[in-house]
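The values are calculated or read from the model by the stated rules, or taken from the named source; none is laboratory data. Treat the numbers as computed from the prediction; the structure is a model and nothing was measured. Backbone-built Cβ (ideal geometry, glycine too); neighbour counts: all protein chains shown. Keep in mind that these areas ignore ligands, DNA and RNA; they rest on the heavy atoms of the full protein, side chains included. Shrake-Rupley method; radii C 1.70, N 1.55, O 1.52, S 1.80 Å.
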Amino acid sequence: MVEEERKFAVETGWLLPDLSPAVPASGSVRALAPATLVATYHDTVDLRLARAGVSLRYREGDEVPWTVKLPTGSPGLRHEISRPGAADAMPAELVELVTVYHRGAALTPAAVVRTVRHAQEIVDETGLVLVEVVDDQVTVLDAEGATTGAFREVEVERKAGDTALLDRLSELLNAAGAQGGDFTPKHVRALGRAATAEPDLVAPDELPADPSAAAVVTEAVRREVARLLAHDPLVRLRAPVGDDDTAVHQMRVACRRLRSDLKTFGPLVRPAWARPLRTELKWLADALGPARDAEVLRERLRRTAAADPVSPVDPAAVDRLDAVLAGWQEEALTGVDEALRSPRYLALIDALVLAARSPRLTPRSDAPARRVLPRIVARPWRRLAGTTKKPGGVAMLHPAGPDEQWHTVRKQGKQARSAVTAVAPVLGGDAAKLARALTKVQNLLGEHQDAAVAAETWRAVAEARPDDHQLAVAAGRLLERERAAVRRARADFPYAWRRASRRRRTRWLA
């Protein structure tokens with residue numbers, strides 16, 4: 001669940017205004033009885049969770065008392081996950097959920113916050129809660145229960161209402177003297193300055209106007225490490241990422257791009273540092289692979305089956321195929337869970353956090369990026385184009401060649417695109433155009449590979465169930481549609497490649 005709320009600072013004697021002017025015409029304001037809430041926040045000794053914008057609390061009296069809140073990247077929006085459990089029995093699931101933040105360090109009580117809450121709900125004509133507005137008197141307690149601090153704040157939390165209602169209420173509160181500002185959780189205010197220090201994971205930032213090669217490599221590392229770690233909790237929750245993506249996919253993309261960048265920028269990074277990282281990232285990508293493959297196949301199954309509405313594939317047979325894939329996916333996700341719970345993964349997280357903070361670079365990386373990077377990026381480009389001494393790449397492709405040959409070029413294309421994409425923000429112009437053109441090339445090669453794998457999958461599933469004749473017929477029809485997709489991708493590829501390999505897009509690679 002995603003929690004959306006806005007916070008306002010108010011003075012001790014401030015009075016909550018009448019909220020009715022902001023209420024929809026058919027709605028009303030409902031006051032709740034005052035409540036006292038006592039929450040214990042758990043963290044590491046050095047407050048790794050709080051510094052990263054994460055909280056893990058136990059709140060007395062709640063029906064589901066244990067709650068984790070995770071950042072979403074947008075102010076005021078957090079993922080909120082609650083679980084039952086006794087005060088002295090922290091749920092293992094929630095501890096695992098914040099693994100990338102605590103990285104194996106012990107979690108102990110860090111702050112106790114007592115809140116006296118006066119709440120009002122904005123409800124519609126059916127009684128559905130649209131927004132909750134709470135006026136909180138907050139007291140910070142030490143281990144003996146003595147008061148160490150106090151403050152007051154107002155929160156406006158969206159329930160079933162829309163953002164426009166939040167906006168109207170915010171305007172009303174501002175007009176009454178409430179001060180909106182930075183979103184600062186209660187436990188961070190309670191913990192003080194130490195909780196607002198920089199998080200362990202250094203976030204990517206904008207590059208300077210004329211960066212060194214070291215700056216470009218560092219930002220590439222930070223970008224993919226941040227992507228990988230941000231999607232870890234969502235993988236554990238089986239949560240989607242937008243409408244057409246998954247956390248497993250994003251985490252695997254981060255593994256692959258980071259491995260690719262460490263290889264591309266090989267002359268700029270110390271081999272003894274980069275080599276073990278690439279090995280461990282490959283292990284993690286391999287662990288995520290079967291789950292991602294099952295996701296792709298399930299999505300493709302439905303799309304391929306519905307490709308020709310005039311000639312539909314037997315829905316019941318398609319459902320049976322999907323049930324097989326669902327079983328594979330669940331088994332694969334179990335393997336992902338095991339990998340993410342392993343000591344090997346904890347060690348990798350630590351290594352990635354350190355890599356983002358201070359990658360181990362060679363003296364050559366101190367040179368200006370514009371002077372060093374084109375020659376380095378030219379290497380994966382030449383391998384893709386097939387212009388190196390070792391034969392391969394696009395130059396060796398044949399329209400009737402085996403699928404494996406096209407898959408090899410696809411992998412070379414991924415590395416070339418990743419390399420060009422990493423330097424495009426600095427080199428701009430032709431580099432940015434080549435990055436876009438390579439994306440189109442890679443989309444075709446990806447479609448080719450997905451269709452080829454799907455065709456073989458439908459065949460294998462049908463062969464494993466020889467008595468299911470309807471499934472065999474459906475699989476055969478799906479197979480033919482997938483092979484048609486392979487042929488289309490091969491037919492479209494030469495044009496996309498000509499556009500990508502035009503001299504005006506590649507001349508900077510000299």
Scope segment 237-247; condition part of a helix (DSSP H, G or I) and open to solvent by 40 Å² or more (accessible area, probe 1.4 Å); matching residues
L237
Pairs where the first residue, in segment 86-100, is modelled with pLDDT of 95 or more and the second is part of a helix (DSSP H, G or I) and open to solvent by less than 60 Å² (accessible area, probe 1.4 Å), C-beta under 6 Å, 6+ apart
L97/P233; L97/R236; V100/L229; V100/D232; V100/I349
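Table: residues versus (1) open to solvent by less than 20 Å² (accessible area, probe 1.4 Å); (2) touching a helix residue (DSSP H, G or I) at 6+ places or on another chain (Cβ under 9 Å); (3) part of a loop (DSSP other than H, G, I, E, B).
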site: R189; (1), (2), (3): no, yes, no
site: V202; (1), (2), (3): no, yes, yes
site: D210; (1), (2), (3): no, yes, yes
site: A220; (1), (2), (3): yes, yes, no
site: R227; (1), (2), (3): no, yes, no
site: H231; (1), (2), (3): no, yes, no
site: R257; (1), (2), (3): no, yes, no
site: L262; (1), (2), (3): yes, yes, no
site: P267; (1), (2), (3): no, yes, no
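Here is a yes/no grid of residues against (1) open to solvent by 50 Å² or more (accessible area, probe 1.4 Å); (2) under 28 Å from the mean Cα position of the chain (by Cα); (3) over 24 Å from E144 (Cα atoms); (4) free of Cβ contacts under 8 Å to residues at least 12 places away in the same chain:
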| site | (1), (2), (3), (4) |
| --- | --- |
| A31 | yes, no, yes, no |
| A52 | no, yes, yes, no |
| T67 | no, yes, no, no |
| G73 | yes, yes, yes, no |
| R117 | no, no, no, no |
Quick one: would you say D293 is at pLDDT 95 or above, surrounded by 17 or more Cβ atoms within 10 Å (Cβ to Cβ) and of a type outside the set (A, V, I, L, M, F, W, C)?
yes
Those helices (runs of 4 or more DSSP H) lying entirely in segment 421-510 with at least 1 residues open to solvent by less than 60 Å² (accessible area, probe 1.4 Å) and without any contact (Cβ under 8 Å) to a residue 40 or more places away in the chain
429-463, 469-500
Out of (1) open to solvent by 10 Å² or more (accessible area, probe 1.4 Å); (2) in a helix (DSSP H, G or I), the one T387 does not meet is (2)
If you check D337 against the conditions, is it open to solvent by 80 Å² or more (accessible area, probe 1.4 Å), more than 25 Å from P466 (Cβ to Cβ) and assigned to a helix (DSSP H, G or I)?
no
What pairs can you find where one residue is in segment 292-319 and among the hydroxyl-bearing types (S, T, Y), the other is in a helix (DSSP H, G or I) and surrounded by 15 or more Cβ atoms within 10 Å (Cβ to Cβ), and their Cβ atoms are less than 6 Å apart, with a gap of 6+ or different chains?
T304/L478; T304/R481
